[in-house]
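K.L.:
Structure incoming, see below.
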Amino acid sequence: MRKKYLYILLGFSLLFVLSGCMMNLLDIILDPGIYLGYSKNNNVPTVGDQLKYDGNLEFYKITINVSDLTYSQVDEDGVIYDLSYYKVFNVKEDGNVVSDSIPIWKDVVEENELETITIYADPSKMKENLAVGVGDSSRYYVDWYFAGNWGSDTWDAGAVKFEELEGILVANIEKDFNAGDTISYKIKPSSDWRPWNMIFNSEVYSRDSSDAVYTLKSNTNQITVYFDPRISYVWFEESEVN
C-alpha cells in the first residue's frame, strides 16, 4: 500500500498543556490507518501507536499503560487538576483527520487504581478538531451528568446523572415537549461541573465551549439521552410514557 505522508506541525512556542505538545515541522511517513498521539510519543505517532480494529465492537482500539502518561496541572480558580491529553490521527489517502485533544483525569486513574486505559476510535464519526468519534475506558469512572435548560434548576442540582447500560451511559428526562422545542445542554463530569476542562458539549471537552442544542422532532413526554464515552458520541431517543 502506498505510503501516506502525515504532516504534523510542532512549534517551539506551544506547551503541552491543554491541546498538545511542543513541535517542529516533521514529515512522518505512515501507512493509512488510525494512530494515537499522546505524552509518551510527544503527540507524534509511529507505527507502534496504531489502533487495531475490533470486529465485535466495530471500533479501533489500543491499550496503553497509565505509567506512560504525563500530566499537566490546570488551575481552575485556585483548584488544581492534573490532566493528560491525547489525540487520534486518521491517516487517509484522501486527507487526514485529527481529533481535538481529549483529557484523561489523573484523580480518576489513581482513585480507581487503573493500570491501563484503552483508547477507542470510530473513524466514521471522527471530524477534524473535534472529540467526536474518539474516547477511552477511563471515562466510565467519571460521574457524568446531563445538564441543560429544560427545567428550573436542571443546569445544576436538577441535572440528571447518567447510568451505564451495556456499555452506554443513559439519562432519561420526563417532561411534556412539543416538536420544535429545543434543549440547550452540556455533559458535566461532576455535580459541580469540575474539572471544567472535562465538560463535554457533544463536540469537544472544554471549559469554554458553547452549549449544544437538541431540537425535538415530535410531541413527546420522555427523552432518553445516550452517551458512549468510548467514542464521545451523544444521541437522543424520543418516546411516550403513559
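The values are calculated or read from the model by the stated rules, or taken from the named source; none is laboratory data. All values reported here derive from a predicted model rather than from experimental measurement. FYI the Cβ positions are ideal-geometry reconstructions off the backbone, even for glycines, and counts take in every protein chain you see. In case anyone asks, the SASA skips ligands and DNA or RNA and just uses the protein heavy atoms, side chains included. Shrake-Rupley method; radii C 1.70, N 1.55, O 1.52, S 1.80 Å.
K.L.:
Being open to solvent by 10 Å² or more (accessible area, probe 1.4 Å), more than 10 Å from the chain's Cα centre (by Cα) and free of Cβ contacts under 8 Å to residues at least 12 places away in the same chain narrows it down to one of D94, D143, so name that one. Please lay out each step first, then the result.
P.N.:
Values: D143 fails: free of Cβ contacts under 8 Å to residues at least 12 places away in the same chain.
From the options D94, D143, the qualifying one is D94.
K.L.:
Just to be sure before I move on: is G135 within 22 Å of G167 (Cα to Cα), out of contact with any Cys (no Cβ under 6 Å at 6 or more places or on another chain) and not in a helix (DSSP H, G or I) in the structure I sent?
P.N.:
Values: within 22 Å of G167 (Cα to Cα): yes; out of contact with any Cys (no Cβ under 6 Å at 6 or more places or on another chain): yes; not in a helix (DSSP H, G or I): yes.
Criteria met by G135.
K.L.:
On the basis of being among the charged types (D, E, K, R), in contact with a strand residue (DSSP E or B) (Cβ under 9 Å, 6 or more places away or on another chain), surrounded by fewer than 20 Cβ atoms within 10 Å (Cβ to Cβ) and within 23 Å of F236 (Cβ to Cβ), does D122 make the cut?
P.N.:
No: the conditions fail for D122.
K.L.:
Here is a check on your reading of the model: is T154 among the hydroxyl-bearing types (S, T, Y), within 23 Å of S210 (Cβ to Cβ), open to solvent by less than 30 Å² (accessible area, probe 1.4 Å) and over 18 Å from the mean Cα position of the chain (by Cα)? Break it down stepwise before answering.
P.N.:
On the way: among the hydroxyl-bearing types (S, T, Y): yes; within 23 Å of S210 (Cβ to Cβ): yes; open to solvent by less than 30 Å² (accessible area, probe 1.4 Å): yes; over 18 Å from the mean Cα position of the chain (by Cα): yes.
Yes: the conditions hold for T154.
K.L.:
What number of residues within region 167-221 are open to solvent by 70 Å² or more (accessible area, probe 1.4 Å) and among the basic types (K, R)?
P.N.:
3
K.L.:
Among the residues of region 198-242, write down those that are under 14 Å from D100 (Cα atoms) and hydrophobic (A, V, I, L, M, F, W, C).
P.N.:
M198, I199, F200, V204, I231
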